[in-house]
Amino acid sequence: MKISVIGGGYVGLVSAVCFAQMGHTVGLIEIDIDRASSISRGSPQIYEKGLGVLLSKHLEKSLHVSTAYDAIPDTDISFICVGTPEGDNGSPDLSIVQSACQSLGRSLRDKDSYHVVVVKSTVPPGTTEGLVVPTVLEHSHRAGDEIGFCMNPEFLREGRAVEDFMHPDRIVIGSNDSRAGDRAESAYRGIEVPIIRTGIKSAEMIKYASNAFLATKISFANEIGNLCKRLDIDVYEVMKGVGMDHRISPHFLDAGAGFGGSCFPKDLSALIALAQSLGEEPLILRSVLKVNERQPVRMLELLEEKIGSLEGKRIAVLGLAFKNDTDDVRQSRSIPVILELEEMGARIAAYDPQANDNMKKLIPDIEYCSRVTDALKDADACIVMTEWPEFSLLDEEFDLMKNRVIIEGRRILSCQDKEGICW
């Protein structure tokens with residue numbers, strides 16, 4: 001197939017590269033000139049395992065990058081993969097989606113054959129039918145039966161996005177007619193997994209409900225972990241037993257500092273805002289966010305119990321990305337920890353294998369170290385915030401500290417003298 005992907009961000013770039021790997025001819029449209037130029041040089045602006053290799057493999061062969069929509073009429077199907085950042089009231093800002101739909105519609109004016117528009121961006125239920133469809137049709141000057149519309153949510157885990165695209169648990173396709181859904185499904189031919197065909201609004205809600213439930217599991221595990229901490233119980237032993245129940249599963253039951261990233265916090269806020277607009281009170285969802293916001297603060301309380309006032313103390317913070325195998329710091333649990341440490345007068349030495357530069361853009365006025373040993377040298381205490389595998393090997397390196405006071409927010413360390421937030 002000939003596929004156009006609109007948006008060269010995380011979802012768009014991974015989708016474009018993986019579609020090319022599957023044998024399709026792909027045109028990636030990114031209007032940000034700097035980002036498009038970087039991708040065209042084979043340098044993705046994100047760190048994602050395997051992405052750079054596949055990009056270099058297909059670039060200027062089956063994958064072409066452009067800042068314009070000119071080539072869309074020559075394609076069979078367009079995937080909208082632009083951002084939907086959180087707005088002021090928690091609802092997603094859909095202005096980028098609307099702009100993309102306007103440009104997409106104008107590009108289809110002179111096409112005389114059937115075209116399918118697929119929304120991959122995470123949008124509230126009703127957005128595709130209420131915003132995308134009328135906007136594309138208005139600017140294309142074409143009839144509704146000449147353009148098909150689908151919703152195809154993504155379920156990509158950062159750090160494993162390429163693997164998740166090529167080997168997903170399921171593929172969800174919501175469509176307004178079978179012809180459009182069939183064409184969207186054909187783009188995934190060769191991937192042998194269950195394909196769920198639904199209505200468009202159901203597909204939109206599946207994404208939100210999935211992320212909300214996973215976030216709920218994390219906050220539940222953290223709340224149980226906080227109880228276990230008081231009772232001197234190993235919460236990981238508890239959750240191992242809980243997760244063996246096939247109705248529950250062991251995934252997303254690791255207690256710790258909470259969830260971050262570009263999806264869970266944003267999608268929970270969007271779902272809460274949607275519920276409020278419909279006159280519903282989302283009690284569980286609010287609690288999930290409240291537990292998550294509270295969790296990092298507990299680490300600092302534990303730290304104060306260990307070394308007293310943090311005024312003037314040098315604190316090593318290991319891990320800045322919201323999870324391992326990515327350089328993404330969006331909603332990282334390190335952010336509230338670092339900001340609170342600054343408020344308490346601590347001196348911060350931070351280290352992350354990939355995310356130093358991204359965190360420096362948000363918090364420029366702390367010390368960023370190029371080696372873990374530089375961060376630990378003469379530190380009064382250490383907080384581990386991200387489960388990078390290299391941290392699991394640390395032991396003698398902690399001897400560089402003034403005192404081996406080690407608090408971990410992720411259960412990754414193998415050394416003996418450390419204390420976990422929930423264990």
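We did not get these values from a lab; they are worked out from the coordinates using the rules stated. Please read these numbers as outputs of a predicted model, since none were measured by experiment. No Cβ is skipped: glycine too gets one built from the backbone with ideal geometry, and neighbour counts run over all protein chains shown.
In the chain the longest region clear of GluC sites (Glu not before Pro) that are loop-assigned by DSSP and have at most 16 other C-beta atoms within 10 Å covers 61-191.
Can you tell me how the range 84-208 classifies by the Cα gyration tensor, rounded, prolate or oblate, using a/c under 1.5 as the rounded cut? Taking the square roots of the gyration eigenvalues as a ≥ b ≥ c, the range 84-208 is oblate. Compared with the direct C-alpha span, the chain from Glu311 to Glu281 gains 6.7 nm at full extension, assuming 0.36 nm per residue. Could you tell me which of Ser332, Leu289, Ser249 has its Cα farthest along the dipole of the chain towards the positive end, charges placed at Cβ (Lys, Arg +1; Asp, Glu -1), taken about the Cα centre? The one lying farthest along the dipole's positive direction is Ser249.
Placing +1 on each Lys and Arg Cβ and -1 on each Asp and Glu Cβ, with no other charges, gives the chain a dipole about its Cα centre of roughly 600 debye.
Which of rounded, prolate or oblate describes the range 259-337 when judged by the alpha-carbon gyration tensor and an a/c cut-off of 1.5? Oblate is the answer for the range 259-337, as a/c is 1.5 or above yet b/c matches or exceeds a/b. Put +1 on the Cβ of each Lys and Arg and -1 on the Cβ of each Asp and Glu in the range 304-423; which of Met359, Ser309, Ser370 then has its Cα farthest toward the positive end of the dipole? Result: Met359.
On the basis of the beta-carbon distance and an R0 of 41 Å, Asp378 and Arg189 show a calculated FRET efficiency of 0.10. Within the set Lys323/Lys377; Lys207/Lys360; Lys201/Lys266; Lys266/Lys361, which residue pairs have Cα atoms separated by over 22 Å? From the list (Lys323/Lys377; Lys207/Lys360; Lys201/Lys266; Lys266/Lys361), the Cα-Cα distance tops 22 Å for Lys323/Lys377; Lys207/Lys360.
About its Cα centre, the dipole of the range 258-336 is roughly 160 debye, where the only charges are +1 on Lys and Arg Cβ and -1 on Asp and Glu Cβ. Cross-link reach is defined here as a Cα-Cα straight distance under 16 Å, omitting same-chain residues fewer than 8 places apart; for Lys57 the aspartates and glutamates meeting it are Glu48.
Of Thr198, Phe155, Ser186, which is farthest on the positive side of the dipole of the range 154-218, counting Cα position, with +1 on Lys and Arg Cβ, -1 on Asp and Glu Cβ, and the Cα centre as origin? The Cα lying farthest towards the positive end belongs to Thr198. Taking a ≥ b ≥ c as the square roots of the Cα gyration tensor eigenvalues, the chain comes out prolate, since a/c reaches at least 1.5 and a/b is larger than b/c. The mean sequence separation of alpha-carbon pairs under 8 Å and at least six residues apart, normalised by the residue count of the chain, gives a relative contact order of 12 percent.
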